[in-house]
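Undergrad: Pasting a structure below so you can have a look.
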Amino acid sequence: MDSVDKIIGKGYVDVEVDQSVDMVSEIARMRKEKNAIILAHYYQEGEIQEIADYVGDSLGLSRQAAKTDAEIIVFAGVHFMAETAKILAPDKKVLIPDLGAGCSLAESCPPEEFEAFIRQYPGHTIVTYVNTTAEIKAMTDIACTSGNALEIVSSLPPNEKIIFAPDRNLGNYIQRITGREMVIWDGACHVHEEFSLERILELKKEHPDARLIAHPECEKPILIAADYVGSTSQLLKFIMHDEAQKYIVATESGILHQMRKDKPGKTYIPAPPKDSTCGCSDCMFMKLITMKKIYNTLKYELPEITLDDEIIRRARKPILRMLEISEKLKL
Ligand code: 13P
Ligand code: SF4
């Protein structure tokens, strides 16, 4: 085998796969042989969702990581999600097919700046969205995901002052609903801030029977215009029970795969972005994960997520607190 440096120099195992290899069946074989599981986020390409052992939102994926018996977790998602898996399952080998699969939201909250920020607000409880690095989680009192942020914030005593990071749109949305005293970090996601309200309203005119459904990372005007706001799994639940037949979907387009699978008879229109090179609403980080990279990752067991023991110890507390509250509230 080539040296580790050579094969993961680009952040992924850069080895050609012979055309004769049936990657889907080889992945299945290696997975069994190595006692590995593949966890995939709803924003992955459809073909990757199809080979995963579990597909879910960030909350569901962290629950799976915490309870798996597998020795290896291959995380088809972005870096902070794989880090969360490693924090919850430190004895497992956690692999991510491309180390470059970051997150603009997690990057918008650098640890040193955040440390200085929280020093300005003593006596505040620090709530952070899981879309953060392990270092930020290590400074956090309680973590949340878009699927439980509302309930996590509401579960805190009414007079508790809160720092919320890193997403300003999710933070402001929670503040509007709960009326809680919150200091909000000024971070955002490049995908969810890209949707164009003007173009969505034009689409609504063309499709007056379509309902607008949006992820809370979208900007305020979109959330106000939306018929329903929810995390990825909440949007999926909504389309299952709602009577409308057509939706304009304001979140990353990978979710459409699951929507079409769960409720095939309905029509799903991706919300248009203001401007983007692909003219779509893809998360460029999520889409760095490919079948070939998953195949090579399982084969070479690289790249691996490694974290300092002390960071794991400190970052674990806020995630476990979040999972406990979610469990209690049956979320
Ligand atoms: P979920 O919490 O809905 O999985 O969303 C994660 C995310 O990255 C949204 O952009
Ligand atoms: Fe991060 Fe946005 Fe991609 Fe979600 S869609 S992983 S928040 S960059």
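Undergrad: Would you check which residues across the stretch 263-312 are more than 16 Å from ligand 1 (Cβ to nearest atom), surrounded by 17 or more Cβ atoms within 10 Å (Cβ to Cβ) and polar (S, T, N, Q) and list them?
TA: Those that are more than 16 Å from ligand 1 (Cβ to nearest atom), surrounded by 17 or more Cβ atoms within 10 Å (Cβ to Cβ) and polar (S, T, N, Q): 290, 296, 297.
Undergrad: Mind checking which residues of the stretch 157-169 are under 19 Å from the mean Cα position of the chain (by Cα) and either open to solvent by 30 Å² or more (accessible area, probe 1.4 Å) or farther than 23 Å from residue 193 by Cα (or both)?
TA: At the first step, the residues of the stretch 157-169 found to be under 19 Å from the mean Cα position of the chain (by Cα) are 164-169.
Residue satisfying the conditions is 168 alone.
Undergrad: Could you please find all residues in the stretch 170-201 being within 16 Å of ligand 1 (Cβ to nearest atom), part of a helix (DSSP H, G or I) and open to solvent by less than 20 Å² (accessible area, probe 1.4 Å)?
TA: Within the stretch 170-201, 170, 171, 174, 192 qualify.
Undergrad: Of the residues in the stretch 56-76, how many are out of contact with any Gly (no Cβ under 6 Å at 6 or more places or on another chain) and either of a type outside the set (A, V, I, L, M, F, W, C) or within 11 Å of ligand 1 (Cβ to nearest atom) (or both)? Before you say what the answer is, go through the steps one by one.
TA: Let us first name the residues in the stretch 56-76 that are out of contact with any Gly (no Cβ under 6 Å at 6 or more places or on another chain), namely 56, 58, 60-76.
Right, trim to either of a type outside the set (A, V, I, L, M, F, W, C) or within 11 Å of ligand 1 (Cβ to nearest atom) (or both) and you get 56, 58, 60-64, 67-69, 71.
Residues meeting the conditions: 11.
Undergrad: Do we have residue 84 as of a type in the set (Ser, Thr, Tyr), modelled with pLDDT of 95 or more and within 15 Å of ligand 1 (Cβ to nearest atom) here?
TA: On the way: of a type in the set (Ser, Thr, Tyr): yes; modelled with pLDDT of 95 or more: yes; within 15 Å of ligand 1 (Cβ to nearest atom): yes.
Here the answer is yes, as residue 84 does meet what is asked.
Undergrad: Still on this structure: When only residues in the stretch 236-267 that are assigned to a loop (DSSP other than H, G, I, E, B) and closer than 19 Å to residue 50 by Cα count, which is farthest from the chain's Cα centre (by Cα)? Please lay out each step first, then the result.
TA: Applying the first criterion (assigned to a loop (DSSP other than H, G, I, E, B)) to the stretch 236-267 yields 242-245, 251-254, 263-266.
So of that shortlist, the ones also closer than 19 Å to residue 50 by Cα come out as 252-254, 263-264.
On the way: 252: 10, 253: 13, 254: 12, 263: 22, 264: 24 Å.
The residue in question is 264.
Undergrad: Scan the stretch 207-235 for residues that are touching a strand residue (DSSP E or B) at 6+ places or on another chain (Cβ under 9 Å), open to solvent by 10 Å² or more (accessible area, probe 1.4 Å) and not in a loop (DSSP other than H, G, I, E, B) and report the count.
TA: 7
Undergrad: Let me ask you something else. For the stretch 285-293, state whether one or more residues are over 20 Å from residue 111 (Cβ atoms) and not in a helix (DSSP H, G or I). I'd like the intermediate steps shown before the answer.
TA: Within the stretch 285-293, the subset over 20 Å from residue 111 (Cβ atoms) is 286-293.
Among the residues that remain, those that are also not in a helix (DSSP H, G or I) are: 289-290.
The answer is yes; a qualifying residue exists.
Undergrad: For the stretch 88-132, how many residues are within 16 Å of ligand 2 (Cβ to nearest atom) and either open to solvent by 30 Å² or more (accessible area, probe 1.4 Å) or not in a loop (DSSP other than H, G, I, E, B) (or both)? It would help to see each step written out before you state the result.
TA: First, pick out the residues of the stretch 88-132 that are within 16 Å of ligand 2 (Cβ to nearest atom): 96-110, 128-132.
Cutting the leftovers down to either open to solvent by 30 Å² or more (accessible area, probe 1.4 Å) or not in a loop (DSSP other than H, G, I, E, B) (or both) gives us 99-100, 104-108, 110, 128-129.
Selection size over the stretch 88-132: 10.
Undergrad: For the stretch 53-63, what are the residues that are open to solvent by less than 20 Å² (accessible area, probe 1.4 Å) and either in contact with a Phe, Trp or Tyr (Cβ under 6 Å, 6 or more places away or on another chain) or outside any helix (DSSP H, G or I) (or both)?
TA: Residues satisfying the conditions are 56, 57.
Undergrad: Filter the stretch 285-310 for residues that are hydroxyl-bearing (Ser, Thr, Tyr), in contact with a Pro (Cβ under 9 Å, 6 or more places away or on another chain) and more than 13 Å from residue 99 (Cβ to Cβ) and give the result. Write out each step before concluding.
TA: Step one: filter the stretch 285-310 for residues hydroxyl-bearing (Ser, Thr, Tyr), giving 290, 295, 297, 300, 306.
When the remaining residues are screened for being in contact with a Pro (Cβ under 9 Å, 6 or more places away or on another chain), the result is 290, 295, 297.
Selection gives 290, 295.
The values are calculated or read from the model by the stated rules, or taken from the named source; none is laboratory data. Note that the structure is predicted; figures quoted are calculated from it, not measured. No Cβ is skipped: glycine too gets one built from the backbone with ideal geometry, and neighbour counts run over all protein chains shown. Each accessible area value is taken on the protein alone, full model and side chains, heavy atoms only, with ligands, DNA and RNA left out. Shrake-Rupley method; radii C 1.70, N 1.55, O 1.52, S 1.80 Å.
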